[in-house]
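The values are calculated or read from the model by the stated rules, or taken from the named source; none is laboratory data. This is a predicted model, so every value here is computed, not measured. FYI the Cβ positions are ideal-geometry reconstructions off the backbone, even for glycines, and counts take in every protein chain you see. For the accessible areas, the whole protein counts, side chains as well, though only heavy atoms, and no ligand, DNA or RNA atoms are used. Shrake-Rupley method; radii C 1.70, N 1.55, O 1.52, S 1.80 Å.
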Amino acid sequence: MLRYLARRLLLQAVPVLFVIITLTFFLQRFAPGGPFTREKSLPPEIQRNLDAYYHLDDPLWKQYCDYLWDLCPKKFTPLALRSSFDLKAAFGIDLRPSFKYASRTVNEIIATELPVSLKLGTLALLVALGLGIGAGVVAALWHNTWIDRLVSAWSLTGLCVPTFVSGPLFSLLFAVQLRWLNPFGWYEPRDAVLPVFVLGLAYAAPLARLTRGGMIEVLAQDFIRTARAKGASASRVVFHHALRGGLLSAVAWLGPASAGILTGSFAVETIFQVPGLGREFVVSVTSRDYTLVLGTVVVYGTFIVVCNFLADVLQAWMNPKLALE
Amino acid sequence: MSDRPPQLNIPPPEEAAAGLSPWQDAWRRLRRNQLAIFGGSTLLALVLLCFVIGPFFAQSWREQNLAHGLAAPSAAHWLGTDLHGRDLLARILYGGRISLLVGFVASFVALTIGVTYGAVAGWQGGRADTLMMRAADILNALPFTIIVILLLVFLKDPMQRFDTWLTALPGLSGWQGAGKILVMFAAIGAVEWLTMARIVRGHVMAIKKMEYIEAARALGYRPARILFCHVLPNALGPIVVYATLTVPAVMMLEAFLSFLGLGVDAPMSSWGTLIKDGAERMEECWWLLVFPGGIFSLTLFSLNFLGDGLRDALDVRAAKD
């Protein structure tokens with residue numbers, strides 16, 4: 001088991017991160033234009049100074065190697081993350097100054113914006129897990145009844161109505177018409193309600209579908225009948241016997257999905273004007289902020305890798321057959 | 001005694017002659033699925049509306065009439081007008097052309113890449129297969145939004161030049177913005193083929209162990225011929241099903257990109273840009289959000305119904321990995 005996990009981490013996680021960073025680095029460098037491309041070109045002295053400040057005058061391979069070196073963790077004090085999310089203080093990772101926000105470093109931007117996205121994402125993930133798995137299990141237990149059809153209809157609706165449609169609609173209904181909540185902003189605790197539910201419901205729908213499918217399959221198997229026959233209560237059958245197998249495909253899907261949910265959905269953060277990292281993703285690409293793009297990609301890539309790894313661990317624990325292969 | 005069935009049980013000759021091929025059988029099952037039929041006919045109606053009736057629509061999608069800006073739905077403008085007084089119905093029909101076109105063409109790109117890649121990996125097996133699938137795994141872990149966005153930005157200038165060249169040709173002056181759409185086809189297609197590749201690989205690996213493939217090999221056919229004439233036709237069921245399910249995913253991605261302002265440029269519109277415009281002024285003009293959002297969701301519903309129906313009809317195991 002331990003060997004399987006270690007292999008997984010070495011053979012998959014590290015290469016994935018490396019490829020993501022390399023691809024992003026060179027793709028944006030080979031794209032025409034740059035962070036200082038304006039209508040009017042800068043005076044050559046200023047351009048030279050800027051290039052020197054951002055090390056843009058070095059050969060490309062040197063810039064690349066230097067960046068990779070700055071990315072390597074040089075110490076390990078995760079407890080420092082408690083006071084602030086600065087990756088430099090905790091791991092010695094330097095993400096360089098931002099091109100667009102002249103006075104801020106990418107470390108600082110991530111330190112202020114990632115916690116917002118994480119808070120929104122964690123709450124949304126809890127909503128998605130509770131609603132999705134709950135509804136999926138209930139639908140599977142009452143398979144082919146009106147409850148099942150209701151859950152299926154709801155989860156299909158969730159799949160077909162994207163967040164950038166449901167978000168404004170929820171905002172229109174609950175904020176503009178009913179005036180229960182603010183249409184956007186991120187100032188008081190209740191401002192989190194709308195974005196959390198819009199994001200959570202979007203992820204709950206596919207989760208309910210996967211859970212329902214998996215549970216129906218497991219509940220039809222012989223060992224469940226045996227458990228029922230020997231008099232196990234309904235809740236024991238579900239929680240102790242069926243869930244472990246029934247949630248396998250849902251857990252596999254949750255790996256990449258939770259990385260996306262935790263680092264913030266750009267659409268949801270834009271609609272509700274949440275100052276999170278998801279919004280920074282696209283803005284930084286269009287403004288050609290080289291270091292900020294790379295920084296967000298590093299964070300996002302790390303989350304994907306970690307979440308996939310956790311999903312793998314969970315799957316291996318739930319299905320020992322996988323670990324043996 | 002022989003274990004042949006008694007003579008009486010042999011069906012009458014007429015019925016025996018009307019034996020069903022697997023595809024006819026699937027079609028019969030699909031016809032009985034009301035939701036799938038509803039999805040299929042809605043989709044057909046939408047395509048007809050957008051591509052056939054839309055171009056002849058009396059009101060222009062680009063003609064501005066500032067005096068009638070932001071008018072609520074009325075007899076003159078059934079779905080109201082936008083900020084510049086353009087008829088929303090005409091714009092939705094026009095936007096549908098872009099959205100559906102991107103959906104279908106990008107899915108086709110994804111289908112071609114995915115089927116070829118998966119078939120080659122599954123057919124070769126061994127080290128080539130491991131290498132190809134590991135590469136696909138890595139691609140799968142990439143933040144795809146970033147890749148598509150980077151591609152859109154990266155190819156912006158070449159496409160601008162392509163646009164100028166294209167519109168300079170006689171009779172093609174109305175094709176402005178075609179370059180951007182081509183980039184979207186390529187960019188979306190390039191990230192959406194991974195699931196298809198994995199599914200095709202699995203089926204090819206199963207099929208290549210069948211006896212009829214061995215027979216084809218014994219007959220001395222070249223591998224390419226066996227792969228494309230014998231293996232792939234037998235994997236067509238799952239390919240059709242997942243192609244149908246790729247279209248809504250692609251359309252969602254296109255709308256998402258347009259919503260972020262990275263999709264088609266004004267004065268063209270897709271459903272994504274219409275939703276974006278609507279979301280910006282939903283407080284005073286609900287119709288700008290509700291109608292484009294509604295028709296977009298309706299399309300996704302239809303495609304999903306059709307895809308699920310096809311999956312049941314062709315009896316493809318729900319093998320989402």
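Worth pointing out:
- Placing +1 on the Cβ of every Lys and Arg and -1 on the Cβ of every Asp and Glu, with nothing else charged, gives the protein assembly as shown a dipole about its Cα centre of roughly 1400 debye.
- Taking only protein heavy atoms and a 1.4 Å probe, the accessible area of the range A:182-325 is 63% carbon and sulfur.
- Size of the range A:111-324 as Cα extents on the principal axes (Å, biggest first): 63, 47, 27
- Taking every protein chain into account, the 1.4 Å probe leaves A:THR122 with about 70 Å² of accessible area, to the nearest ten.
- Minimum 30 Å² accessible area buried by the other protein chains, the range B:239-256 residues, probe 1.4 Å, relative to alone: B:MET252, B:PHE256
- Entry comment: accessible area of the protein assembly as shown is 51 Å² per residue, from protein heavy atoms only and a probe of 1.4 Å.
- For chain A, the longest principal axis of the Cα atoms and the long axis of helix A:193-219 meet at an angle of about 40 degrees.
- Annotation: lysines with alpha-carbon distance below 28 angstrom to B:LYS209 (same-chain offsets under eight excluded): A:LYS321, B:LYS320.
- Inter-chain shielding of A:164-171 (mean C-beta neighbours from other protein chains, 10 Å cut-off): 6
- Mean ellipticity per residue at 222 nm, deg cm²/dmol - from DSSP H runs of n ≥ 4 across chain A, formula -39500 (n - 2.57): -21000 deg cm²/dmol
- Share of Cα-Cα pairs in the protein assembly as shown lying beyond 41 Å, as whole percent: 34 percent
- Peptide A:154-161 is shielded by partner chain Cβ atoms: per residue, an average of 4 of them sit within 10 Å of its Cβ.
- Size of the A/B contact, given as accessible area buried on both chains, probe 1.4 Å, in Å²: 3400 Å²
- Among B:190-201, A:198-209, sorting by the average number of other beta carbon atoms lying within 10 angstrom of each residue, highest first, gives A:198-209, B:190-201.
- Taking chain A and dividing mean pair separation by its residue count, relative contact order in percent (alpha carbons under 8 Å, at least six apart): 23 percent
- Set of lysines near B:LYS276 by C-alpha distance (under 21 Å), chain-local residues within fewer than 8 positions excluded: B:LYS180
- Those aspartates and glutamates that a straight Cα-Cα span of less than 19 Å connects to A:LYS88, excepting residues fewer than 8 apart in one chain: A:ASP66, A:ASP70, A:GLU108, A:GLU113
- For B:286-297, mean number of other protein chain Cβ atoms within 10 Å: 3
- Largest to smallest principal axis extent of the C-alpha atoms in the range A:103-221, angstrom: 61, 37, 22
- Within the range A:111-324: Cβ-based charge dipole about Cα centre, in debye rounded to nearest 20 (Lys, Arg +1; Asp, Glu -1): 740 debye
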